[in-house]
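Reading through the structure tokens given below for one structure.
The values are calculated or read from the model by the stated rules, or taken from the named source; none is laboratory data. What you are looking at is a predicted structure, and each value in this text was computed from that prediction instead of being measured. Glycine also receives a Cβ, built like all others from the backbone with ideal geometry; neighbour counts cover every protein chain displayed.
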Amino acid sequence: MRLSGKGTFITGGASGLGFGCAEAFLKEGARVVIADLDKEKGKRVADTLGDRVHFLKLDVTREDEWISVLQQAEEWLGTLHTLVNSAGIAFFLDVENTSLEDWRRMMAVNLDGVFLGCKHGIAPIERAGGGSIINLSSVSGIIGGANLAAYNASKGGVRLLTKSVALHCARKGTGVRCNSIHPTFVQTPMVDDFVANTRNPERTRAALVEQIPIGRIGQPEDVAAMAVYLASDESSFVTGAEMVLDGGLSAQ
Ligand SMILES: NC(=O)c1ccc[n+]([C@@H]2O[C@H](COP(=O)([O-])OP(=O)(O)OC[C@H]3O[C@@H](n4cnc5c(N)ncnc54)[C@H](O)[C@@H]3O)[C@@H](O)[C@H]2O)c1
């Protein structure tokens with residue numbers, strides 16, 4: 001039990017990587033609050049995960065909701081050691097075809113959401129005596145793609161925001177660490193939707209796999225294993241780091 005007694009708050013926990021983290025954290029003994037915009041799905045998945053899980057509705061773009069939901073989470077958990085910022089959206093458009101409205105929506109969810117989580121998550125983690133903030137960026141936060149203008153910008157922002165938060169917390173000396181995870185394509189509803197909406201889904205899926213030297217796309221368990229490590233005391237010397245999980249994609 002590597003996370004025994006560690007209170008954990010996971011945004012985007014109703015689906016995909018956030019849900020995968022919730023499952024893995026529970027197996028390692030944590031208590032988990034799943035926070036998500038999708039109330040129905042969030043409640044449903046929390047019910048399947050047992051009595052160490054609680055669901056709270058949160059729109060990560062809303063600062064008032066962050067403040068009140070973190071307070072409720074801390075009360076339910078007792079202490080909050082770990083915050084996983086996994087809520088996010090993706091669309092695939094080049095810069096010329098991205099409307100200002102789409103750009104702002106992407107920034108609001110993927111970057112403002114993580115900013116607000118870090119800003120308001122530090123104090124409760126300090127009250128717990130220290131812990132870990134884990135931000136889901138992407139390999140697209142490190143390398144660019146022609147049709148990823150807004151996504152690249154939002155995830156690149158998360159990458160450097162994470163380092164600033166890590167340095168700020170290290171300077172305070174209150175035991176809060178902050179790291180980012182950078183996966184390539186992982187099998188979640190986000191990627192399934194993207195593949196399903198292409199002209200030839202089978203070919204698209206094969207093309208995704210072809211890009212990845214290790215010969216497969218990621219699974220939520222791959223990301224959850226890294227998140228468990230970053231939440232555990234095994235990573236007590238790791239902060240401001242960018243953990244790349246891409247089957248060798250960016251090594252080329
Ligand atoms: N799946 C991948 O291939 C992949 C790769 C790299 C990075 N990521 C990143 O990992 C994170 C999780 O992705 P996923 O694949 O699990 O996606 P997903 O679509 O399966 O899940 C995202 C969750 O975020 C929630 N959400 C969306 N907007 C929200 C908001 N405003 N407030 C609260 N919750 C909101 C959704 O309801 C959903 O439950 C995202 O930040 C994504 O960019 C995913």
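General observations
- Among (1) touching a helix residue (DSSP H, G or I) at 6+ places or on another chain (Cβ under 9 Å); (2) more than 20 Å from ILE133 (Cβ to Cβ); (3) within 14 Å of the ligand (Cβ to nearest atom), the one test that VAL209 misses: (1)
- Per-region count, the stretch 93-134, residues farther than 13 Å from VAL158 by Cβ and away from the ligand (no atom under 12 Å from the Cβ): 26
- Evaluating THR79 against the criteria (1) assigned to a loop (DSSP other than H, G, I, E, B); (2) of a type in the set (Val, Ile, Thr); (3) within 15 Å of the ligand (Cβ to nearest atom) leaves one unmet condition, (3).
- Residue check for GLY7: surrounded by fewer than 15 Cβ atoms within 10 Å (Cβ to Cβ), modelled with pLDDT of 95 or more and not polar (S, T, N, Q): no
- Condition met for LYS39 (loosely packed, with under 14 Cβ neighbours inside 10 Å, farther than 16 Å from LEU3 by Cβ and either touching a Phe, Trp or Tyr at 6+ places or on another chain (Cβ under 9 Å) or of a type outside the set (D, E, K, R) (or both)): yes
- Segments classed as helices (runs of 4 or more DSSP H), wholly inside the stretch 103-219, with at least 2 members that are more than 25 Å from ASP38 (Cβ to Cβ) and touching a residue at least 60 places away in the same chain (Cβ under 8 Å): 149-172
- Count of residues meeting criterion [farther than 19 Å from ARG31 by Cβ and either outside any helix (DSSP H, G or I) or out of contact with any helix residue (DSSP H, G or I) (no Cβ under 9 Å at 6 or more places or on another chain) (or both)] in the stretch 52-64: 5
- Some residue of the stretch 69-86 being surrounded by fewer than 17 Cβ atoms within 10 Å (Cβ to Cβ), under 19 Å from the mean Cα position of the chain (by Cα), in contact (Cβ under 8 Å) with a residue 40 or more places away in the chain and within 19 Å of LYS119 (Cβ to Cβ): no
- Unique match (being crowded, with 16+ Cβ neighbours inside 10 Å and under 15 Å from the mean Cα position of the chain (by Cα)) among GLY117, GLY131: GLY117
- Among the residues of the stretch 175-206, those that are away from the ligand (no atom under 16 Å from the Cβ) and within 23 Å of the chain's Cα centre (by Cα) comprise GLY175, VAL176, ARG177.
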